[in-house]
Every structure is written in structure tokens, then in C-alpha cells.
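Note sheet for the following structure.
The values are calculated or read from the model by the stated rules, or taken from the named source; none is laboratory data. What you are looking at is a predicted structure, and each value in this text was computed from that prediction instead of being measured. Note that each Cβ is placed from the backbone with ideal geometry, even for glycine, and that neighbours are counted across all protein chains shown. Heads up: the accessible areas ignore ligands, DNA and RNA and are worked out on the full protein's heavy atoms, side chains in. Shrake-Rupley method; radii C 1.70, N 1.55, O 1.52, S 1.80 Å.
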Amino acid sequence: MLRKAMKFNLFNISDIKTVYQTCCYCSNHNRKNDVILFFQKHFDLPVPEINRIMNKYPSFHNDTYSSLYYNFSNLMKFGFLKEDILKKIQILTFHPITITNYIMLLEEGGFIKSKVDTNVLIRFKFISKKSIATLKDLNFINNDTNVQHHILSFTTFPRELYPKSCDDSLSWNQVQTNLFKLFVGWKIKMNLQKIQYAQSIYHRLHNKSFRRTEETIDILLNEFNFSEDKIRRHSYLIHSDPDNTKAILENYNQLCGIDIKTVLSKHPKIILTPWKSIGEIKKHFKDFNIPESALKKAPEIYTLGSNTVYERLCKLKETPELASFIDNPQVARLIYYDKKVTNRLKYLINKNCISLNLLVTNDSSFKRFNSNGNDKGKTNDIMVYLTKELGEDKIKLRSLMERHPYWQYISLLNIRKTYEYLKTKQFTKEQLCQCVHILLYPVPKIEEALVAIQEMNNVDYLRDLNGSIKPEFVLSLVLYHLEKNYHFSGNGVWNTDQQNNTTLKLNASKNIFEETEELDHEPLVKLI
């Protein structure tokens, strides 16, 4: 049902609304069934009780069976009992990385294991603001525990550099924050100001396990051979999930047709993308018949959400002006720079010079193009399209196309429309290659010409036994018919009466061929 719903015209607002509502209904219905199935299977709860839980905690409506089961099994792995989880069932709606970090931080911070239950996890931020002295009075931490030393003992931080004194009047959270600065400053020689800046932007660093922090840095240093300076410059990498990074390396040998480590080294932000999301993005491109190698020009596309990529691919396919680029080696740039592409497309449509490069180029290059007043298209887009469709050598095709004086001014969209129309008329690729300039002319003119040439006089020797023009001469005669009133200047490609009238005035002093002019030879396959 969802797949059918995605077959829509993105420019029809009512269609968008209908599809959106349909997709939301299907998605919400499936997720609710997922949640019900999970609670029935693992907690043996009746449907009315499950509905009560979902109404009390609406976050469950956004969960799936797999996400709930992952959190459930993770809690069980850390020693939580099913009964304890059921008491604070909303814990299952937490992000799995958050749950793991909370549990490990509490252990590192000296909390007695028997005191760490789901209620503590739910109230983690509130409890962490209490002073260490208070937590000891509440029997969360043993009185003889040096919290600072206890936290650092889980890392490779040198014991001789441990803080000499511990102020129990400080909040547990403050001690943790101070030690994080001390540890990261030692591990990658990062100064205090940069650490504070990183924490102010990447808030997860305030509640990340010290063990997981060290594991993250070790993977970056040892697996990717990142320098300490590179990690300092890309401080967001410190809050990446080490399990996710390892999963990326284990599940994908390549991205964009390139070794995975090479790609991640050049585009480290991809490390933050969930490894399953990377697989979903790869599948979306495969479903749209876009090869992995086409992503080489924009590996950053793996930093987007998989749903976002799918929506943009649908938009690309459903937008006539963009659909012609679907086989272009740089198509991924259209997906990544979607907002820029959308804004520029509206402008370039009016100039009739849409090209992939203009849609995604940097602002300075686009302004330079615009200030030049040039309305030529970028011919490489045309060559990429025709080379694939006709299966002909790119250099040969370009040399043929360059014989037409206005080929650079015809949009790829018009060429594509003409090509697809001629395919429906059963013209072969060989015939189209021989008269490749026919692709520059608008479909309505070609339709008229196909009718007109059948009524031409004095071409009986070009007809078959049924009286129809032989297929091998049709396109040549169509080109002849389209250009004869323009003295084979190429002006027949224009589609407006105004342009035609201007051309006729310029050529008023020249003789115009009569409709019944006799051909004294078989027409050449290239008339222009």
C-alpha cells in the first residue's frame, strides 16, 4: 500500500496531502501492531492494558518491535529484571545509546549496583545533580568511595595523575564533567576551551560513559589512523557511538565503490550515521537503479536520514526537469543539495538552461554564470544522457551534435521528451544516431512533419510497396521538412511563432522552397 501511495505527482498539492495522510495512517497502524505484538510476546499483557500504556506514554506510537526489543534485551543484559522494567515501562522509549551510557556512567561513578534500577535511570538527570555527599547519605554510593578515582579507574588514565583530593560537596554531575575535561585533555591533548566548546554544542558529551569515550577515541586513532589533531578539529567524533562505528566497518567493505575506511577518513561525519541507515540508503539507490559509484561525488549523502533520501529520490523521479539526470554520474549531488536545487530550478526553468552543474554549483560560480547573461545549457548533461540511451561513443556524438548551431540552447528535458516520443514510433537507435539532430526539435513539430512527409510529391522512389516512406528515410525527410523553410539554418528547432517570425524576417530576401520541390537524389542521413 505504501509503495502504491508513493506514485504521485509532487507538484499536485492535493495529491501530496492525500499521500501524506495515507502514508501516516499505514505507518502508524503498522507501528501500533508492532508495539502490541512486542508486549504480548515479552510481557504477556492483554490488549486493553497495552492500549492504556500507549495512551499514557504516547512515545510508544513512534516505536517499532525491533527498537523496543533492542532496549528490552539490552536492559536484561545489564541485569535488569522483567518485573523492574514493567514498573517503569517508559524506559523502553529511551534512545538505546542513552540507556547504555546511563547504566555505564552510574557504574563508573560508584553507584551500588543493587541501587541502580529503572527508576534511577528515569530520574538520571535529577539524581546526577545531587551532591556526592547526599548520594552517600542516600546509600547510592558507599561512604568510602572516592568517586573521582573510581571513574578514572575504568580508563587508562595514569594513576599518578589522579586528582589528590575529592570534594564531596560537588554534584555528581559536576565531578563527572570536570573529569571528562581532564581525561579528554590527556587522551588527545585537547585544551580546556575546545573541550568546553565541544560540550556546549554536542550535549551528549555531558553524559557519555568514560569507557565508551576512550573506546571511541581508540577506534579513531587505531582503525582509521586519525591524528589527534584531526579528532580535535572534528570534535563531534568524540560523541560518536563506538558500537555503531564497529558495525559500519563489519557490515560494509565499501561505500560509493570506495574502501570504507578511505571514505570515512575523508568524510568522518558519516561515522555518526546509524549503520542500519547506511544500508537503507544503499537499498534506496539500488531500487532506483542508481549505481553505488554515482555517489562518489557526494558521499555526504550518507549523513542524511534514509527516509529523507527516499523522499528526495521520489521527488527527483517525479520532477520532469530533474528526471533526465537520474542516470548522470553526479546525480547524488542533486539529492544532497535538494534545497539549493529546488530554489535554482524555478529560476533556471525560465531561462531554459537547466543543467546539473548549475543546480548544485557554489554560489559564486552561479552568480558568475548569471551575470554573464548566458543562456546556454551545459552540454555534458546532454552527452551523458545520449551516450547511455543511444549506446554510441561520446566523442562521435558530440562531433555530430556540434554541427547544429543551436544545440547548446536546447534543454535536456526537450531532448528527452523527443527521444522518448521517437522510441514509441519504433525508430531504432541506429536510425536516431544517423539523424541525431532530430532530437533537438520539439515533439509537436515532429508529429506534424511525420504526417507531412507522407504527402510529399515526387518521392515515390523512397516509398515501399504499401506506399509509405521507407523507415530508413523517414527521419532524414522529417529533418528536411523541418528546416527547408529556414534555409537549413537550424532555426527550425525553435518552438514559438515569435521566434519563427523573427527568423523569417531575417531571411526575407532569400527564396523559400516550395512544398512540392522535387528531390533529385536520395536524402542524406545528416542534413545539417
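A few notes on this one:
- Spatially, the range 266-326 and the range 112-159 are offset by 44 Å when compared through their Cα centroids.
- Hits among lysines - C-alpha to C-alpha of LYS388 under 21 Å, sequence gap 8 or more where chains match: LYS286, LYS296, LYS297, LYS317, LYS378, LYS396, LYS417, LYS423, LYS425, LYS429
- The HN-Hα couplings worked out from phi for the range 450-459 by the Karplus form 6.51 cos²θ - 1.76 cosθ + 1.60 (θ = phi - 60°) are 4, 6, 5, 5, 5, 9, 5, 8, 6, 10 Hz, whole numbers, x standing for Gly and Pro.
- Residue ranking by accessible heavy-atom surface, 1.4 Å probe, largest first, among GLU49, GLU472 comes out as GLU472, GLU49.
- Net dipole in debye of the chain [+1 Lys, Arg Cβ; -1 Asp, Glu Cβ; about Cα centre; nearest 20]: 2100 debye
- Exposure of HIS206 as accessible area (Å², to 10), given a probe of 1.4 Å and all protein chains: 60 Å²
- Listed by chain and number, the lysines whose C-alpha is less than 16 Å from the C-alpha of LYS189, apart from same-chain residues fewer than 8 away, are LYS181, LYS230.
- For q = 0.13, 0.24, 0.25, 0.27 Å⁻¹, Debye-computed log10 I/I(0) when each Cα of the range 283-351 counts as one equal scatterer: -0.33, -1.12, -1.22, -1.41
- Between 0 and 90°, nearest 10: helix 338-351 axis offset from the chain longest Cα axis: 20 degrees
- A value for mean projected area of the Cα convex hull in nm² was derived from the coordinates, and within the list (i) 24.6; (ii) 28.3; (iii) 34.3 it appears as (iii).
- Axis angle, to the nearest 10 degrees, between helix 471-483 and the longest C-alpha principal axis of the chain: 80 degrees.
- Projecting the Cα positions of TYR162, CYS314, ASN222 onto the charge dipole of the chain (unit charges on Cβ atoms of Lys, Arg, Asp and Glu, taken about the Cα centre) puts TYR162 furthest along the positive direction.
- Calculated FRET value between GLN196 and ASP229, using beta carbons and R₀ = 22 Å, to 0.05: 0.75
- Across the chain, the mean sequence separation of Cα contacts (distance under 8 Å, 6 or more residues apart), normalised by length, yields a relative contact order of 7 percent.
- Figure note: GLU223, GLU448 ranked by solvent-accessible area, largest first, 1.4 Å probe, ligands and nucleic acids not counted: GLU448, GLU223.
- Between LEU37 and LYS367, the FRET efficiency estimated from the beta carbon spacing at R0 = 56 angstrom works out to 0.50.
- Radius 15 Å from Cβ of ASP117, net charge of other residues (Lys, Arg +1; Asp, Glu -1): +3
- Helix-only mean residue ellipticity at 222 nm for the chain, each DSSP H run of n ≥ 4 adding -39500 (n - 2.57), per residue, nearest 500: -16500 deg cm²/dmol
- Placing dummy labels 7 Å off each Cα toward the beta-carbon, the span from SER73 to SER265 is 3.4 nm.
- Taking every protein chain into account, the 1.4 Å probe leaves ASP363 with about 90 Å² of accessible area, to the nearest ten.
- Ordered from highest to lowest accessible area with the whole protein assembly present and a 1.4 Å probe, LYS136, LYS189, LYS388, LYS32 read as LYS189, LYS388, LYS32, LYS136.
- For MET76, the accessible area of its heavy atoms, probed at 1.4 Å with every protein chain present, is near 80 square angstrom.
- For LEU255, residues with placed amide H under 5 Å, excluding near neighbours: ILE260
- For the range 363-371, Karplus couplings with θ = phi - 60° (6.51, -1.76, 1.60), whole Hz, Gly/Pro x: 4, 5, 5, 5, 5, 5, 4, 5, 6
- The angle between the Cα long axis of helix 497-506 and the longest principal axis of the Cα atoms of the chain comes to about 50 degrees, rounded to the nearest 10.
- Under Karplus coefficients 6.51, -1.76 and 1.60, residue-wise ³J(HN,Hα) of the range 322-327 in Hz, glycine/proline x: 9, 4, 5, 8, 4, 9
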